[in-house]
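Novice: The following block contains the structure, expressed as structure tokens.
The values are calculated or read from the model by the stated rules, or taken from the named source; none is laboratory data. Everything numeric in this text was worked out from a predicted model, so none of it was measured. Here the Cβ positions follow ideal geometry from the backbone for every residue, glycine too, while neighbour counts run over all protein chains shown. All accessible areas refer to the heavy atoms of the entire protein, side chains included, with ligands and DNA or RNA removed. Shrake-Rupley method; radii C 1.70, N 1.55, O 1.52, S 1.80 Å.
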Amino acid sequence: MVARVVSTAPKGSASVFAVLLLGLCSITAAGQKPLPAAANGETPPVRIDVVVTDPQGRPILDLRPADFELLENGVSKPLTAVELHPLPRAAGDVPPIETEADEKRAAREPGTRVFAFFLDEFHVSPGPNTDRVRQALTQFVDEKLRPQDLVVVMKPLDAVTSIHFTRDRVLLHGAIDSFTGRKGDYAPRTRFEEIYIGRAAAAVGAARRQIVTAGLREMTMRLGELNADRAALVVFSEGFPRDIPAPRGRVADLHGVVRASSLFHHAAYTFNPAAADEAAPPADRDRAVAMLQWLASQTGGRAVAADAMVAGLARLSHDLDAYYALSYQPAHVDGRFHPVEVRARRRDAVVHTRPGYWAPLGGEWRAMVSSASAAMLPMSRRALRRSVAVDTWVGLIRDADGRARMVITWEPRSRGVSSPQAVAVKARTTSGTTLFDGRLGRVGSGSRVPSDSARFEVPAGRVEIDLTIYDMVGKVVDTDARDFDVPDLRSQKRGPVLLSPEVVRARTLRDFTSATMDPDAAPSSIRTFTRADRLLIRVPAFDVSGAAVQVTAKVLNEWGQPMRNIDAIAAPPGDGMPQFALPLSWLVPGDYHIELLGTNATGTVKERVA
């Protein structure tokens, strides 16, 4: 768990998504299928894609497994598979893409390349820079795309449900021609911008960074859902500093894009249409360019400047034409970043790959994988959005009979007369069965509304959650729509499982004592606390075999080094959920982690959850 301790009032919270790791299972020159999960279910194989060329950029296609060396954290690892992926040429006509099933089928066919073009109109200047994007992308579509390729062109304000891949060149040209850069132009052009962003330059700039980051994450997850053999996220943008906070303390976080890219094994290529001599403060320009370079380097892509856009797009095409997929068995599934270096034992070989991979969290892996060949969860077919007015927390607990119960809480991002006072929550299955319909007050609101948390039984599968947010006089101030995928908690493999912990925030000793005896104490939805707070950490832990799970917890510093163990305290009567007491007064302001370890005779699982 990532927590921030500060000397001010609460700020924003982080978000988590679970993703699946795919790989290869044979040494061959053609064909692909996902790597099965490891026999012990804990350490799935890792796949690293590698582009190998000679110094002139021509692909080298005759390397053998013995020609590669892979080092993780500086330690050489034996390769379990090395597979050359040359692009087979499609023969004859290819069918059009008309349905979602067509997209998935086509994406997994040998010879199909998938391109997701993200045109960041918020961070591209009008005029020459916009023209460069249109011209380069139009030339790419006309000259480099092949009949079998799948493409989508997306802009920041496009709906998630509009992410549809196509082979229709007319549609692609229409989307490209409609692109217009808006950098420096803060006038709203849609009702959404007018209501939720406003006109103040600082607020608009921060909101735009957040919108672009969210769009990139959605695009990355969509590519992952397709499970294409070869895919690339292609970003046209002049960039923005990735360390500038977004509205109300939320940080526009691109790490989610990098992590998903790692697990779905596709790269991000960034194209900056701004000329190097454009009039802009050097510090701002350098930080924006650094963001583009960072995103490309962390995902194994390439960062391309304005004077090399055509050549860069050609390089992108060649990179997807032929590459090697290396797989090996890692030692841990710990949710951490592991640096990886790949070397080729030929003097003329130039190796291009990502700098490492993000391992999935143990609990994420066990909750998401129930068989050797796990399928991706379906893409939502409704418009999803996150409210800018509240922070919401959604978690699961497991009852004694193995049924899942969902927990929902919320807190306003601002305080005062006009801040949100109540939220109407509706939860249902995708078939329309209502699971919960009621109003909630914010965490700690007392008796003004019926409850400050919703707790209800949910079946395995997708749950659709809709929030309507009201102010003090009952006026609707915002809405929120999200999906939550519930795993089948009765069909997990033997071994300990940790679900997302509930973090209860208490501001007084009396409140803390009361919370320790209340199994329904409302979890906080934020992850920024003051040194005066006391945290009660409740950890849903189970093993389908019925064996007890021993849970321990410790505080780590921002570099992941242990600081001290967290004291366990007795659970409320009849509850049995492990819980821990963590006062924050001994910590100096900064970032910290809470590491949880679940163990029993059948295995061990470690969690760091946001």
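Novice: Which lysines, on any chain, are close to Lys77 with Cα under 28 Å apart, when same-chain ones fewer than 8 places away are left out?
Specialist: Partners within reach: Lys33, Lys493, Lys606.
Novice: For Phe436, tell me the accessible area in Å² from a 1.4 Å probe, rounded to the nearest 10.
Specialist: Surface open to solvent at Phe436 totals about 50 Å².
Novice: How large is the dipole of segment 106-249 about the Cα centre if only Lys and Arg carry +1 and Asp and Glu carry -1, each at its Cβ, rounded to the nearest 20 debye?
Specialist: 220
Novice: Using Cα positions and a limit of under 25 Å, work out the lysines in reach of Lys155, with same-chain residues fewer than 8 apart set aside.
Specialist: Filter leaves Lys104, Lys144, Lys183.
Novice: Next up: Which value in nm describes the separation of the simple spin-label points at Met472 and Asp401, placed 7 Å from the Cα toward the beta carbon?
Specialist: Modelled inter-label distance: 4.5 nm.
Novice: Ok, one more. Label Ala275 and Asp348 with points 7 Å out from Cα along Cα→Cβ: what is the distance between them in nm?
Specialist: 3.9
Novice: So how much slack lies between Arg564 and Glu143, counting 0.36 nm per residue of separation and subtracting their Cα-Cα distance, in nm?
Specialist: Full extension from Arg564 to Glu143 adds 145.6 nm.
Novice: How charged is the neighbourhood of Ser585? Take every other residue with its Cβ under 11 Å from the Cβ of Ser585, and add Lys/Arg as +1 and Asp/Glu as -1.
Specialist: Around Ser585, the surrounding residues sum to +1.
Novice: Using r as the Cβ-Cβ distance of Asp93 and Ala314, and R0 as 25 Å, what FRET efficiency do you calculate, to the nearest 0.05?
Specialist: 0.45
Novice: By how many nm would the segment from Trp586 to Ala481 grow when fully extended, if each residue of separation counts as 0.36 nm and the alpha-carbon distance is taken off?
Specialist: 33.9 nm
Novice: Can you pull the one-decimal nm distance between simple spin-label points at Asp575 and Arg191, each 7 Å off the Cα toward Cβ?
Specialist: 4.5
Novice: Take the Cβ-Cβ distance between Ser414 and Asp177 as r, set R0 to 41 Å, and report the resulting FRET efficiency rounded to the nearest 0.05.
Specialist: E(calc), rounded to 0.05, equals 0.50.
Novice: Which FRET efficiency value, to the nearest 0.05, is calculated for Leu157 and Asp62 with the Förster distance at 51 angstrom and r the Cβ-Cβ distance?
Specialist: Details: r = 47 Å, r/R0 = 0.92.
The computed FRET efficiency comes out at 0.60.
Novice: When a/c is below 1.5 the answer is rounded, else prolate if a/b is larger than b/c, else oblate, so apply that to segment 448-605 with a ≥ b ≥ c taken from the square roots of the Cα gyration tensor eigenvalues.
Specialist: Taking the square roots of the gyration eigenvalues as a ≥ b ≥ c, segment 448-605 is oblate.
Novice: With Cβ to Cβ distances under 10 Å as the rule, what net charge do the other residues near Gly444 carry (K, R +1; D, E -1)?
Specialist: Neighbour charge sum, excluding Gly444 itself: 0.
Novice: Same structure again: Quote to one decimal, in nm, the extra length available between Thr433 and Val75 on full extension: 0.36 nm per residue of separation minus the C-alpha distance between them.
Specialist: Contour length minus the Cα-Cα distance gives 123.7 nm.
Novice: Under a cut-off of 29 Å between alpha-carbon atoms, report the lysines in cross-link reach of Lys426, not counting same-chain residues fewer than 8 places apart.
Specialist: Cross-link targets: Lys11, Lys475.
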